[in-house]
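Notes for the one structure printed next.
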């Protein structure tokens, strides 16, 4: 066990600088988001209902639709604004796609009673599976290979004409491994299944378009890229069936009831406009930082990447996933926090859970190793010198 400084001798949190290397959990607000919120606050339509008929409502609606168009363009040139459904965050977008499409597909064809997903999905997907089973669906969960990839052959083997929906994430939020979604989507469509991907961790971190992926639905969230929390969206291709999950109004073309938060949506769109043009360039730069950090950390024989061959795996930039032999993640996180660095063991949504990462276990990482997992994550605002200091600190601790 690591020896952690006594809380009485530690400076108060407000008195010490913490380097945030847990950006994959939630990124700090960007200047563009703050500016957009300020513009909304200063506008005459601030607080107006965008669904109202009066002039203030129409101005709010115009701002909402401009933001919808900006988000649509960030997902591809062929994406139309009406294919974007605003939600209360990424979790809601995932649930809306998962249950909404599956139920609507079954209504169209009573033989479509099966759902296929993967063992490395976020809990926003996995925690909905019991409810889907209770609703009469059979759910198949595909395991990844040791590198964290869902192999097309595994999906093809599980696929059948009874599948209503296939949902595989675009990139894993713990390991950063990017999945072959375009190929998986082709397999799903060849069997008549709709295809959804959780792109929440990948959005604006790697270049992609909906056309390239070939999916019917795709989830994104603002706070993963420096937008506001509790704002997300679901791309839903035209003619893809959807049964709404929230009722009580005709907002979002009747697909998601509830008055839209124009202020937060404007901030989301501002971040999308700012980041979309430079995604490929920033990916290259951050990938170099990640590789440098992997090399620095693995100079210790006790540290190794979570993947068997990390160099051969397509990964998100800015996520470094390692396991540390004979260590406990919680002890490491607290010791690093005391030293001025915020990191995570895995998904922040599972913080406080004493079990090791379900992602690493699904990949076949031994339980003893998975107990010592760390996820270090950062974005384009990182100071490379902080990464070097972090590496030195972690190596000294272990």
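The values are calculated or read from the model by the stated rules, or taken from the named source; none is laboratory data. In this text the structure is predicted, and so the values were computed from the model without any measurement. No Cβ is skipped: glycine too gets one built from the backbone with ideal geometry, and neighbour counts run over all protein chains shown.
General observations
- As a summary of the residue check, residue 24 satisfies the conditions (1) outside any loop (DSSP other than H, G, I, E, B); (2) farther than 16 Å from residue 218 by Cβ except for the one numbered (1).
- Scanning the stretch 64-79 for residues that are within 18 Å of residue 199 (Cα to Cα) and surrounded by 14 or more Cβ atoms within 10 Å (Cβ to Cβ) turns up 68, 70, 71, 72, 73, 74, 75, 76, 79.
- Any chance residue 229 is under 20 Å from residue 379 (Cα atoms), surrounded by fewer than 24 Cβ atoms within 10 Å (Cβ to Cβ), within 21 Å of the chain's Cα centre (by Cα) and assigned by TED's automatic domain parsing to the domain that holds residue 64: yes
- A single member of 238, 219 is surrounded by fewer than 23 Cβ atoms within 10 Å (Cβ to Cβ) and not assigned by TED's automatic domain parsing to the domain that holds residue 380, and it is 238.
- Residue within the stretch 264-277 that is assigned to a helix (DSSP H, G or I), without any contact (Cβ under 8 Å) to a residue 40 or more places away in the chain, within 30 Å of residue 150 (Cα to Cα) and under 22 Å from the mean Cα position of the chain (by Cα) present: yes
- Residue match in the stretch 64-76 (condition: part of a loop (DSSP other than H, G, I, E, B), out of contact with any strand residue (DSSP E or B) (no Cβ under 7 Å at 6 or more places or on another chain) and closer than 25 Å to residue 236 by Cβ): yes
- Scan of the stretch 219-232 for residues that are in contact with a helix residue (DSSP H, G or I) (Cβ under 6 Å, 6 or more places away or on another chain) and assigned to a strand (DSSP E or B), ordered by number: 219, 221, 232
- Checked against the criteria, residue 238 does not count as closer than 20 Å to residue 33 by Cβ and either in contact with a strand residue (DSSP E or B) (Cβ under 8 Å, 6 or more places away or on another chain) or not in a helix (DSSP H, G or I) (or both).
- Meets criteria (in contact (Cβ under 8 Å) with a residue 40 or more places away in the chain, loosely packed, with under 14 Cβ neighbours inside 10 Å and either touching a helix residue (DSSP H, G or I) at 6+ places or on another chain (Cβ under 8 Å) or part of a helix (DSSP H, G or I) (or both)) for residue 94: no
- For the stretch 189-215, filtered to residues that are farther than 27 Å from residue 273 by Cα and touching a residue at least 60 places away in the same chain (Cβ under 8 Å), the residue that is farthest from the chain's Cα centre (by Cα) is 192.
- Note on the stretch 78-91: residues that are more than 17 Å from residue 169 (Cα to Cα) and assigned to a helix (DSSP H, G or I) total 3.
- Filtering the stretch 43-62 to residues that are in a helix (DSSP H, G or I) and more than 21 Å from residue 222 (Cβ to Cβ) leaves 55, 56, 57, 58, 59.
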